[in-house]
Amino acid sequence: MTSLSYTKQSLWQLFDITKTNNEARLLEADLWAYRIPKWYTIQAGSLKAIPNSLRESAELLVGLKDTTEEAAFEEAFANFIYSSNAIEQVGLDKSQTWKLVREVLGGYKTDSDEEWMATKSKVCKDSMTRREVVQHVHAFIFLKSYLGRHGNLSKEGLLECHKILTDGIPSEDGDSDYQGVYRQCEMSVGDPLKNRYGEEKKVAVGADVASLMRVWIEDFNQALASTHDPIAAGSNLKIRFLDVHPFLDGNGRLSRMLFNALVTAYLPHTIVTFSENKRERIKYLQSVREALRTNSPGIFAFFALKRASKASLKRLQSAEAKLKRQDGGESCGANEDSYEKAGSNIEEENSPSEEKAFNAVYTLRQLKAKLSLVK
């Protein structure tokens, strides 16, 4: 089994992009990249502004220098691991996953299976479900670390990431020697990606996988280097990845990690979780199935944009509530009008700290209004 060790680095630092070239880029939605339901009413200009609003939200939250944001991000990371496993019906339940993820993040390593089974038996009696959580965490950390060191993705890096993700975990068919190797066999994909009529999804011919993935990696690196809409670019790459299905198992989890690795290269600390509950999992799978069935990644892209906006709104609401508590609840303003009217008098009436809180909450509310259009 793969032995992993990591330089001690906080999860927050690993997903921090403030020192990269991506920082100054203006983001805007690629309107042609989204398939929006006819009943959904949103103006083109509002849609175009969403990616940059997501970026502004992330940067604002970082700028507040609130230590609780780091803890909240670790919780979001743990929730991603749980939900990604839950989609595939593997891993532990939410509370057990969060507990184990915190242990892994404590030093990016855990006890051996034997040690864990001896001391943690009350958490879970099945070491395999535990391993599905641990390896998922290790794989995501490896992927972000690899991209941070090298600046791009290589075939070797992708294969190693898959090897870490599936290390010690047999495939659904019981194969224990598939880790970190492109598949060469033919396959169809059943649950959870059967289409709405029950037929299995045909994926790329085994002999074509290597060449298709060579092009895919090139396109991923191009998007990593420059894109004005990371949500649309990541969605397109995710659906293409699933269409190829390069590995015997683990494709869904790896596709979600790759999507978020790209998104967080532009939107710091913004991990998109696709299935917080059973209802959301159904919506996620429906969007993926329809995107694959109709060859329309835009179907999934719009779903992903809504999920990203919802995640950002949740963080903004939490930050706003905390700022208002710190300021005594009322001085930050009880409604939007108080912000509009007080703007010209802020320097005279407020101290520097009050002014910062005032401006932060005002900006938070502006961003919330924009993101609420697609939540």
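Among 249, 208, the ranking by other beta carbons within 10 Å of each residue's beta carbon, starting with the fewest, stands as 208, 249. Amide hydrogen proximity for residue 248: with H placed 1.01 Å from N in the peptide plane, the residues at 5 or more positions away or on another chain lying under 5 Å are 183. Calculate, for residue 293 and residue 325, the FRET efficiency according to 1/(1 + (r/R0)^6) with r their C-beta to C-beta distance and R0 41 Å; round to the nearest 0.05. The value I calculate is 0.30. Converting phi to 3J(HN,Hα) with the Karplus coefficients 6.51, -1.76 and 1.60 and the offset θ = phi - 60°, segment 151-163 yields x, 7, 9, 10, 4, 4, x, 5, 5, 5, 4, 5, 4 Hz in sequence order, with x at every glycine or proline. Extending 7 Å from Cα along the Cβ direction at residue 286 and again at residue 221 yields two label points whose distance is 3.9 nm.
Here the spin labels are modelled as points 7 Å beyond Cα on the Cα-Cβ line, and at residue 67 and residue 13 they lie 1.6 nm apart. Among the trypsin sites (Lys or Arg not before Pro) in segment 53-101, those placed in a DSSP loop whose Cβ has at most 11 other Cβ atoms within 10 Å are 65.
Beyond 27 Å in Cα-Cα separation lie the following of the pairs 94/310; 94/283; 99/368: 99/368.
Any read-out appearing in this document is the output of simple, stated calculations on the displayed coordinates, not a laboratory observation. What you are looking at is a predicted structure, and each value in this text was computed from that prediction instead of being measured. Note that we place each Cβ from the backbone using ideal geometry, even for glycine, and neighbour counts take in every protein chain shown.
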